[in-house]
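Working notes, beginning with the structure itself.
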């Protein structure tokens, strides 16, 4: 009886709170105050002063029982503190590496997590944690016997090891932080090269290469460029890609596509794509176009009518996209997550009934540290809706990655790990990605704050290959801004970014 009471008390006891001291330094080795730390982890367009309660720094308790929570930041005198309620925890945040960009990173004290009273030197702990993760990844690959690193990979790993060792020798806190920042860049370069090479080598397997899909996105803006249709489709067909993600317009006058006239332009588009042997992933409705008054019945009717019209011609249907976004139904008054899930859930069966052979796809939005709350984060949403049936009736699950808003970088594979852990019997893919709508970074920079064009090219090269390296992945890509940034209007001349995409596919053996 006493043992039972003790167990009951232990189970009901609240998780032990923790408060740690945070230390961070600027590029010159000067200590940051709280506003400086918030600027380091914040977006370029954040409203000032930045709100500590919205900082993308989370504590993920190592006990596996308490959910991750955003830390509570404060400053007393020169001291910055971070508090949470779940006991020893790994810190997850976004952080820049010089000349590389912002990444989703971890600081985990060797995997043990930080306990109450710890002093956390962020530049150092992030570099050490990510270096350990890199070593573990390379060791696992070596132990598998299926992968031997290239000379470039070995050289970059050695450079990361040397950079970490050099930083550890220093005594001055500011100099040490600067050195660990350089070490983080070395780790990032080694990790990115590893992901690229893993993707390329996986594609050397002919069986895998046959099922791999690479694609570009044609959004509803194509309807305004029908005169360019032949040039656009010809360009894509000669790019070595094999899929196109075709986004169907909201069509408010006939939202459910009940009238034959609503299909005129899309009939021509589908015919042109199939003429060139391209496979089509039809996007039922863009995530930004969900109307506030959308119902499961209306959504099912739209999905059913689209699938019926293009039965045997559209190879796969995206039944729902970015379902864990917090803007579906309108940013000012979005639909609840439960309502979004109920609406989406009506689509897979409707599509299957209309075209039993078409693949059913669902995609989620890749954000963790930058999510507005736990409920909308990738892992939080999966934890809620997989038990309610998300994944059933779906053949393939995708992840959308937009680094300007939600840095991935060193955390790219961790995001896919979240997806595959929650859905162990489903293949996955990179369903959409892109970087900066116009020419100015409003969120987080990649490569360099002032080199948007170079960053796009680097991301196309890196993520197209890295998508193939992910466990159970069939690759992907589907650059979102294809029509604006790769095949822009005007002179019917492909942009350099499109040429980089072609070069990337060639490098991958396409």
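Some observations on this one:
- For the stretch 487-499, a tally of residues being assigned to a helix (DSSP H, G or I) and over 21 Å from the mean Cα position of the chain (by Cα) returns 3.
- Every residue from the stretch 135-152 that is farther than 18 Å from residue 187 by Cβ and either touching a strand residue (DSSP E or B) at 6+ places or on another chain (Cβ under 7 Å) or at pLDDT 90 or above (or both): 151
- Test result for residue 136, more than 15 Å from residue 62 (Cβ to Cβ), outside any strand (DSSP E or B) and without any contact (Cβ under 8 Å) to a residue 24 or more places away in the chain: yes
- Residue within the stretch 365-374 that is in the same structural domain as residue 412 (by TED's automatic domain parsing) and closer than 16 Å to residue 285 by Cβ present: yes
- The set of residues from the stretch 253-266 being assigned to a helix (DSSP H, G or I), in contact (Cβ under 8 Å) with a residue 12 or more places away in the chain and surrounded by fewer than 21 Cβ atoms within 10 Å (Cβ to Cβ) comprises 263, 265.
- Any hit, the stretch 73-85, residues being touching a helix residue (DSSP H, G or I) at 6+ places or on another chain (Cβ under 6 Å) and within 27 Å of residue 413 (Cα to Cα): no
- Restricting the first member to the stretch 374-392 and to residues that are under 17 Å from residue 347 (Cβ atoms), and the second to residues that are surrounded by fewer than 19 Cβ atoms within 10 Å (Cβ to Cβ) and modelled with pLDDT under 95, no beta-carbon pair is closer than 6 Å while six or more apart or on different chains.
- Test for residue 467: is it over 21 Å from residue 100 (Cα atoms), touching a residue at least 12 places away in the same chain (Cβ under 8 Å), within 17 Å of the chain's Cα centre (by Cα) and crowded, with 22+ Cβ neighbours inside 10 Å: no
- Some residue of the stretch 280-296 being surrounded by fewer than 17 Cβ atoms within 10 Å (Cβ to Cβ), more than 26 Å from residue 397 (Cβ to Cβ) and touching a helix residue (DSSP H, G or I) at 6+ places or on another chain (Cβ under 9 Å): no
- Filter pass, residue 455 being out of contact with any helix residue (DSSP H, G or I) (no Cβ under 9 Å at 6 or more places or on another chain), surrounded by fewer than 22 Cβ atoms within 10 Å (Cβ to Cβ) and farther than 22 Å from residue 144 by Cβ: yes
- Test result for residue 222, part of a strand (DSSP E or B), surrounded by 15 or more Cβ atoms within 10 Å (Cβ to Cβ) and in contact with a helix residue (DSSP H, G or I) (Cβ under 7 Å, 6 or more places away or on another chain): no
- In the set (1) under 28 Å from residue 96 (Cβ atoms); (2) more than 15 Å from the chain's Cα centre (by Cα); (3) not in a helix (DSSP H, G or I), the condition left unmet by residue 458 is number (3).
- Hey, residue 497 at pLDDT 95 or above and either in contact with a strand residue (DSSP E or B) (Cβ under 7 Å, 6 or more places away or on another chain) or under 23 Å from residue 369 (Cα atoms) (or both) or not: no
- Some residue of the stretch 8-21 being assigned to a loop (DSSP other than H, G, I, E, B) and modelled with pLDDT of 95 or more: no
- Residue ID - surrounded by the most Cβ atoms within 10 Å (Cβ to Cβ), chosen from residues in the stretch 471-486 that are in contact with a helix residue (DSSP H, G or I) (Cβ under 7 Å, 6 or more places away or on another chain) and part of a helix (DSSP H, G or I): 486
- Residue 210 being under 30 Å from residue 136 (Cβ atoms) and either surrounded by fewer than 22 Cβ atoms within 10 Å (Cβ to Cβ) or under 20 Å from the mean Cα position of the chain (by Cα) (or both): no
- Look at (1) buried (at least 22 other Cβ atoms within 10 Å of the Cβ); (2) not in a strand (DSSP E or B) and you find that residue 429 fails only one, number (2).
The values are calculated or read from the model by the stated rules, or taken from the named source; none is laboratory data. A quick note: this is a predicted structure, and the numbers were derived from the prediction, not measured. As a convention, Cβ positions derive from the backbone with ideal geometry for all residues, glycine included, and neighbour counts pool all protein chains shown.
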